[in-house]
Amino acid sequence: MYRCFQDRESRGTYVLSTSFLCVYTAYLAIQNLQSSLNKAGGLGTTSLAVLYCSGILSSSLAPLAIKTVGCKNVVIAAWLCHVIYTATNFYPHWWTLIPSSVILGTTSGFLWTTQGVYLSRFSFSLSERLGTDRNIHLNRLNGIFFSIYHVSGLSGNIISSTVLYQGSQNETRGNFSHVCGADICPGSPNGDNFSESNSTLLYILLGIFLVCGLIGLLLTVFLLPAIDASLHMQSQSVGVSILACVRGLQDTRLLLLAPVMVFVAFNEGILWADYMKAYVSCPLGIRMVGFVMAVNGVVTTGVSLVVGRIAKYTGRQAMLATGLIINAGIACIMLSWQPEPNHIVYIFLIPAFWALAGSIWKIQMNVTLAAMFPDRLETTFALFQSLKACGYASSFMFSTTTCVSVKLYTTLALILISSISYTATEIKHARLKSSTYVLELVVKAAGTAYKPVIVSEGE
């Protein structure tokens, strides 16, 4: 373990990962509860949709933000906005939660682009210093980051369910005469009534989360190393920086990856909003949401530790194909299954498999983008975050207007499209690498064939 901290890059990765762990312990737990706690008028789900809509434009502007204030300051600003968002949940109204969601969504687009740049820069630095393959370090550092980051799904949800369980005697469950599962639609009764008399417990919970956010902020301020924008970004004008993401789509490979990026976020949005409301809160009650997502967090953390290692032997293509198959199976099961209180094992099991697929997507998509576009990391990751924000926003907006079954059929359609587009991307990339390699051989051969004769002055 000590050897992991001997180099600057690994230390930076652990600091970045721990700060994300602290802040997202609060954010992910609050996000998982939004659709159940603030369901009056669809405030909770709408706030999430607004949050991710705000991230669409901000992700496009991330290269400019990184160039202007630097990577470290982007992370610090994002943590300040997370603290503000947590504070507004003490008084969840349209005039408090929506503005804070806009602010948080705007900085989140900058944040996740910066995260991808940090890990890629650390990986490339190690590769150059040690003379080893970039992909080895990309897989290792992404594995470290996501294994630590995903502990937040465990810690935050255990905290929320432990606190809320104290008031479970005040939660009214009725006689379970309602329908749960894919048939849940906006406005459907789902039995997840949380008594307002438990507001004290909510304040305690949010107070804990506020402290978590402040700890993450302090870690970043005092321990995270600053890194510079790439030379490519430093040489660009402001106008070019703003348009860089759009220009990135001129690369056919990025264009083909777009459906995959949207699918990853859309599918995760179903877990956070629809599964929690229709498959957990409905049959079991809101107090169980955190425990179910804690299982998701445990599996995600464990899988993240080994995904990078396995990918060294199987390749990213096999790993991503596995993720697609798992997600397709989950969607089919959810369409045909109506959860009841005695189905508790299945209710916990599905998020576990969801975590397996999610870990594969998060790590291997970062590795894929860094491997295919090493010379323009900022714009590539910015575009990735913009498209993910589109997926999240559309997923949460669907939740306010359509039944769960419609979203599940949409997921299956996206899986089919993503399978085709990803396969085309890998074929295109392989051909590009092959042509580049051939060109290098030709240039090398031409240089060898031409050997100028050097005549000394005395001859």
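The values are calculated or read from the model by the stated rules, or taken from the named source; none is laboratory data. Please read these numbers as outputs of a predicted model, since none were measured by experiment. Cβ coordinates were reconstructed from backbone atoms using ideal geometry, including for glycine residues, and neighbour counts include every protein chain displayed.
Tell me, yes or no, whether segment 312-319 has at least one residue that is assigned to a loop (DSSP other than H, G, I, E, B) and touching a Pro at 6+ places or on another chain (Cβ under 9 Å). Within segment 312-319 (the criterion being assigned to a loop (DSSP other than H, G, I, E, B) and touching a Pro at 6+ places or on another chain (Cβ under 9 Å)), the answer is no, since none of the residues qualifies.
Looking at Gln250, Gln317, just one residue is farther than 30 Å from Ile344 by Cβ, touching a residue at least 24 places away in the same chain (Cβ under 8 Å), out of contact with any His (no Cβ under 9 Å at 6 or more places or on another chain) and surrounded by fewer than 18 Cβ atoms within 10 Å (Cβ to Cβ), and that residue is Gln317. Note on segment 90-101: residues that are part of a helix (DSSP H, G or I) and either closer than 20 Å to Leu217 by Cβ or within 14 Å of the chain's Cα centre (by Cα) (or both) amount to 2. Within segment 118-141, the residues that satisfy the criterion of being hydroxyl-bearing (Ser, Thr, Tyr) and surrounded by fewer than 20 Cβ atoms within 10 Å (Cβ to Cβ) are Ser125, Ser127, Thr132. In segment 11-43, what residues are at pLDDT below 85 and closer than 15 Å to Met288 by Cα? Within segment 11-43, Asn32, Leu33, Gln34, Ser35, Ser36, Leu37 meet the criteria. The set of residues in segment 114-150 that are over 16 Å from Ile360 (Cα atoms) and in a loop (DSSP other than H, G, I, E, B) comprises Gly131, Thr132, Asp133. In segment 361-377 there is at least one residue matching the filter, namely being within 19 Å of Ile270 (Cα to Cα), under 16 Å from the mean Cα position of the chain (by Cα), assigned to a helix (DSSP H, G or I) and not acidic (Asp, Glu). Taking the numbered list (1) free of Cβ contacts under 8 Å to residues at least 24 places away in the same chain; (2) over 23 Å from Leu257 (Cβ atoms) in turn, Phe353 passes all entries but (1). One residue alone among Ser100, Ser47, Ser59 is buried (at least 24 other Cβ atoms within 10 Å of the Cβ), at pLDDT 90 or above and hydroxyl-bearing (Ser, Thr, Tyr), and that residue is Ser47. For segment 357-410, give me each residue that is at pLDDT below 85, of a type in the set (D, E, K, R) and buried (at least 24 other Cβ atoms within 10 Å of the Cβ). Of everything in segment 357-410, just one residue is at pLDDT below 85, of a type in the set (D, E, K, R) and buried (at least 24 other Cβ atoms within 10 Å of the Cβ), namely Glu378.
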